[in-house]
Amino acid sequence: MASAMACVLFLQGCAGWQSALDPKGPAASELAWLIWFFTGLCAAVWVLVMIALAAPLVLRSRQRTEPLVLDAGADDRKFRVVVAALGVTALILIGLTLLSFFANRTLAAIGSDAALTIRVTGHQWWWEVRYENAQPNRILTTANEIHIPAGEPVRLIVTSTDVIHSFWIPSLAGKLDLIPGHMNVLDIEANKPGIYRGQCAEFCGAQHANMGTFIVAEPRPKFDAWLNEQLQPAAAPTSGEAKAGGDLFVKRPCVMCHRIGGTRAGGTVAPDLTHIASRQTLAAGTLTMSRGNLAAWIADPQGIKPGAHMPVVSLNGDELNAIVAYLEGLR
Amino acid sequence: MSSADLTSERDLPQRDTAGKGDLAPERDGPRDTGMDDASLQRWLTQTWRTPSGIVGALSSVDHKIVARRYLITAFVFLCLGGLNAVAMRIQLSGPRRGLIGPDLYNQLFTMHGVTMMFLFAVPIVQATGIYLVPLMVGTRNIAFPRLNAFSYWIYVSGGIFAWVSFALSMAPDVGWFAYVPLSGPEFAPGKRADVWAQMITYTEVSSLAVAVATIVTVLKQRAPGMSLDKIPLYVWAMLVTSFVVVFAMPAVMITSTFLILDRLVGTHIFNPAEGGDALLFQHLFWFFGHPEVYIIFLPATGMVSAIIPAFARRPIFGHLGLVLSLIAVGFLSFGLWVHHMFATGLPKLGASFFTASSMMIAIPNGLQIFCWLATLWDGRPVIRTPLLFVFGFFFIFVIGGLTGVMLASVPLDLQVHDTYFVVAHFHYVLIGGSVFPLLGAAYFWFPKITGRMMSEALGRLHFWLAFIGFNAAFFPMHIVGLWGMPRRVYTYPAELGWGNINLFITAGAALFFLSFVLFTFNLVHGAMRGVPAGDNPWDAGTLEWATSSPPPSYNFARIPVVSHVEPLWAEREAMPVATGLRVDARELLISTVAEARPDIREKSATPSIWPLLAAVAVGATFLYSIFTPWAIVWGAVPIAVTLIGWFWPKGDPEDEE
């Protein structure tokens, strides 16, 4: 029954965007293979046990009412079968243990020559992403969306400043915890350009559910262009409304938390907004990027992510529109 | 001494007792030697009765009365925890449902975990042991009966403490595991995490008390002749479990105490900024948390080992092998806590060691399965409700065990850790491995406890509802977990395509919950209207079936003498008995550890209200201590007073009545 159910459920789904069964990188492929192998072997063992359970009910017909008190030696044949089954169990387990060791080695070898290092820091409830570079002026800090060159291993150094989070992009690699006071290293690689979704996997408080992230894998030239663009200070507002919005932004509490490169806004406790409009989503994967969602998020962050650390800033309709117009221009 | 010698001796060996004084106390009263049955029962009823009235009820130290309260209380907590689960499943039945917000949802899943682990699973297996172990080893009461009564009051007040805090929206919302720093002073303001910390420490006191009482009962109060190789497997399982409790529970009590120190006193044990370490919490917690699984599972294997022989109509196959695997599982359970922490980035070599040790525990567990199957192979078993639940256990638990093998693999775990795959896995292990055997045990021992049978027809219906509901609810969780759904999320986006499968899961959960409604009806109906059961309705072989159903307050009119693992099957006519105990005082027969030779006669405690008062004092201290550390200082006074009352005077316990 269970296996029949599994088939039906597999056919209807596999959206794949955030699935360990739809690997898009070498680490996830290795893991998916391992998952299928373990599943197959375990299913076979399970079926054998069920046959062994069902057989005496189906095959035998005698029913004993008086309890049998055994004399010594009557169970010899069963004893041999049980010992044999135990031996097979031990062999299977040894095999699976070795398989795990080898898979571990394969995974460890993936990122050994990574050219790009990205530092990912978990916050309640968003991701700070910093592209390391030997030249200080080429270090880029952004949030929630991670761009990587496709087909190249990338080294992530992950940690946290508040509680424990876990970085997990199932279609690229297994998860790794972000622990305050610890630096962990995770190597990822995407085989092909694409957008892969991930999510915090360790319970981290009120908005754990809405702590999403995206990996955007692009061909190397496109990635380099993106990096150079992001390194630029924020675009100056063009329209009058946007200009007013920019002024409002630095006058209002927004500036206490957010940074916008090239302006007086220098807060570091919340996501960097220098190029916010170039990202796919808002509020760590919660809303798709659009004018309406931007306005909704600023007007009522607690309605969208209850418990999030972004407070409601009182703005009238014009002020809200102005700030949204300004942020929309930050590409 | 062989058991044959003992059976020929119908009286306690009258040894030279010079210098011991135990066998010939100063005030000697009438003994059961040679007394006729009617007057013997009159004497014993008078001696062992629980006083009437409310004070009498509150001061009872009869292990059966305490166990019944435990069982009913734990069942109530099961229902409450189940309602939490239903609420969560309704919220998760579709993407972006707005029924339950994150604040309530996080309290819900924390309370679900806390309730199921600390207020249901551990107490109910221990309560079953409190009821059955003294009967199965053939003694008149559990060891330390007042401590046993105390443990119940501690447990029930701890549970009420947790649930009242939930009603006041003060329930912990940091997960049942309460990882720091999330539960630390900086990120969990308010009193919620303090409630978690103190409630854990507090209720585990009761768990430890029961474990100690069980160990002593099994090792020192066994009927004459019940040498180590003749102890029923269920009793072995409870013995091993109790040792695991004794070694595991202090770890979680240390964890919760460190946490409350950080929160209340301002220590920095877990604060990395001040040289502490957040990972230390996880090591301590899982050093308890993994054995916890086996604390829940081992007693269930004991139940399976009791039910299978009764319906397969033969002694269990591989008794010695099963005993050794129980002990091996108990040991190994302490060596694999790190497999809960593979994603924390521990050194690879260390993690691989825990892969190997986690895989290894499948070997003794496999042996248990093979021995049970071998027992069933011998002849066609009589299929009644208890055995049906054992079949359900096989079907479900084996899946849970195999996914456990998957989780033991470091690389594989990195994909499925903290996803619904893990949620599916441990519900397969805990519900399949423990709740299904417990339900089977409920049908199996219900006639012993109440003297009446539960309905067989309703029992079968209950089984099928529970079996189908369970699998429909939890099997798809494996799949949605592999599709990337993390656990402990109160909502999820529609784009990920998890909506339909979650709706299906919720429907299964509703069916599973419904099966418990039916079970509750069957319990109540059985207790009130069930067919009278007789002493031994299943014609089973162990000692608890030798006495009447329900057993009298003194359990056995005369202490049986055992010469076989299934003494009732070996002695189809009359049980040999040992006599020589006083009937005007609560005397127990204490036997030697290995061979169960009669050793001394020992008085068992009389009813007392002090265990309840002591529990109230301890409870008030813990409750107060979530507000100020000074509670420990002030609370010491009433605790001391009640303990003095409990142990005062130091003479003959008869004087206290």
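Considering each of B:284, B:280 in turn, give the residue that is open to solvent by 10 Å² or more (accessible area, probe 1.4 Å), assigned to a helix (DSSP H, G or I), farther than 29 Å from residue B:443 by Cα and within 14 Å of chain A (Cβ to nearest Cβ).
Numbers: B:284 fails: within 14 Å of chain A (Cβ to nearest Cβ).
Only one candidate passes the filter, namely B:280.
Exactly one residue out of B:335, B:330, B:321 is open to solvent by less than 40 Å² (accessible area, probe 1.4 Å) and within 10 Å of chain A (Cβ to nearest Cβ), and it is B:321.
Are any residues in region B:282-307 in contact with a Ser or Thr (Cβ under 6 Å, 6 or more places away or on another chain) and more than 14 Å from residue B:332 (Cβ to Cβ), and if so, which ones? Once the filter is applied, which keeps residues that are in contact with a Ser or Thr (Cβ under 6 Å, 6 or more places away or on another chain) and more than 14 Å from residue B:332 (Cβ to Cβ), region B:282-307 yields B:284, B:285, B:296, B:299, B:300. If you go through region A:201-215 and keep only what is in contact (Cβ under 8 Å) with a residue 24 or more places away in the chain, within 7 Å of chain B (Cβ to nearest Cβ) and of a type outside the set (A, V, I, L, M), you end up with A:202, A:204, A:205, A:207, A:208. If the condition is being out of contact with any strand residue (DSSP E or B) (no Cβ under 8 Å at 6 or more places or on another chain) and open to solvent by 40 Å² or more (accessible area, probe 1.4 Å), then region B:535-559 contributes B:535, B:536, B:537, B:539, B:548, B:550. Checked against (1) open to solvent by less than 20 Å² (accessible area, probe 1.4 Å); (2) within 12 Å of chain A (Cβ to nearest Cβ); (3) assigned to a helix (DSSP H, G or I), residue B:474 passes all but a single condition, namely (1). Considering region B:504-516, and only residues there that are among the aromatic types (Phe, Trp, Tyr) and over 27 Å from residue A:304 (Cα atoms), the residue that is nearest to the other protein chains (Cβ to nearest Cβ) turns out to be B:512.
The sole residue among B:597, B:582 that is among the charged types (D, E, K, R) and surrounded by fewer than 18 Cβ atoms within 10 Å (Cβ to Cβ) is B:597.
Listed here are the helices (runs of 4 or more DSSP H) enclosed by region A:233-317 that have at least 2 residues being over 29 Å from residue A:215 (Cβ atoms): A:240-251, A:254-257.
When region B:154-173 is limited to residues that are of a type in the set (Gly, Ala, Ser) and under 23 Å from the mean Cα position of the chain (by Cα), the one that is farthest from residue B:256 (Cα to Cα) turns out to be B:157. Evaluating residue B:96 against the criteria (1) open to solvent by less than 10 Å² (accessible area, probe 1.4 Å); (2) on the phi > 0 side of the Ramachandran plot leaves one unmet condition, (1). The residue that is farthest from the other protein chains (Cβ to nearest Cβ), among those in region B:232-268 that are in a loop (DSSP other than H, G, I, E, B) and surrounded by fewer than 22 Cβ atoms within 10 Å (Cβ to Cβ), is B:266. Selection of first residues in region B:33-55 that are farther than 21 Å from residue B:603 by Cα and of second residues that are open to solvent by 40 Å² or more (accessible area, probe 1.4 Å), restricted to Cβ pairs under 8 Å at least 6 apart or on distinct chains, gives the following pairs, ordered by first then second residue: B:55/B:609.
Here residue A:233 passes the criteria (1) within 18 Å of residue A:280 (Cβ to Cβ); (2) more than 14 Å from chain B (Cβ to nearest Cβ); (3) touching a Ser or Thr at 6+ places or on another chain (Cβ under 8 Å) except the one numbered (1). Exactly one residue out of B:447, B:411 is more than 14 Å from every other protein chain (Cβ to nearest Cβ) and crowded, with 24+ Cβ neighbours inside 10 Å, and it is B:447. Annotation: of all residues in region A:78-113 being modelled with pLDDT under 85 and open to solvent by 60 Å² or more (accessible area, probe 1.4 Å), the one that is farthest from residue B:348 (Cα to Cα) is A:113. With a requirement of 1 or more residues that are within 12 Å of another protein chain (Cβ to nearest Cβ) and of a type in the set (S, T, N, Q), the strands (runs of 3 or more DSSP E) lying completely within region A:106-200 that satisfy it span A:154-160, A:165-167, A:184-188, A:194-199.
Scanning region A:201-229 for residues that are open to solvent by 10 Å² or more (accessible area, probe 1.4 Å) and assigned to a helix (DSSP H, G or I) returns A:220, A:221, A:222, A:224, A:225, A:226, A:227, A:228, A:229. Residues that are open to solvent by 10 Å² or more (accessible area, probe 1.4 Å) and among the charged types (D, E, K, R) were ranked within region B:179-216; the one that is farthest from the other protein chains (Cβ to nearest Cβ) is B:191. For region B:359-386, taking the residues that are more than 10 Å from every other protein chain (Cβ to nearest Cβ) and within 24 Å of the chain's Cα centre (by Cα), the one that is surrounded by the most Cβ atoms within 10 Å (Cβ to Cβ) is identified as B:386. Residue count for region A:291-319, restricted to those that are touching an Asp or Glu at 6+ places or on another chain (Cβ under 9 Å), under 30 Å from residue A:225 (Cβ atoms) and exposed (fewer than 15 other Cβ atoms within 10 Å of the Cβ): 1. If only residues of region B:479-503 that are more than 8 Å from every other protein chain (Cβ to nearest Cβ) and over 24 Å from residue B:173 (Cβ atoms) are counted, the one that is farthest from the chain's Cα centre (by Cα) is B:494.
Tell me, yes or no, whether region B:166-174 has at least one residue that is in a helix (DSSP H, G or I) and either open to solvent by less than 10 Å² (accessible area, probe 1.4 Å) or under 30 Å from residue B:646 (Cα atoms) (or both).
The answer is no, given that none of the residues of region B:166-174 is in a helix (DSSP H, G or I) and either open to solvent by less than 10 Å² (accessible area, probe 1.4 Å) or under 30 Å from residue B:646 (Cα atoms) (or both).
The set of residues from region B:524-534 being surrounded by fewer than 22 Cβ atoms within 10 Å (Cβ to Cβ) and part of a helix (DSSP H, G or I) comprises B:524, B:525, B:527, B:528, B:529.
Answer yes if at least one residue in region B:508-520 is open to solvent by less than 30 Å² (accessible area, probe 1.4 Å) and touching a His at 6+ places or on another chain (Cβ under 6 Å), and no otherwise. Checked region B:508-520: at least one residue is open to solvent by less than 30 Å² (accessible area, probe 1.4 Å) and touching a His at 6+ places or on another chain (Cβ under 6 Å).
The values are calculated or read from the model by the stated rules, or taken from the named source; none is laboratory data. As the structure is a prediction and not an experimental result, all values here were calculated from the model. Note that we place each Cβ from the backbone using ideal geometry, even for glycine, and neighbour counts take in every protein chain shown. Keep in mind that these areas ignore ligands, DNA and RNA; they rest on the heavy atoms of the full protein, side chains included. Shrake-Rupley method; radii C 1.70, N 1.55, O 1.52, S 1.80 Å.
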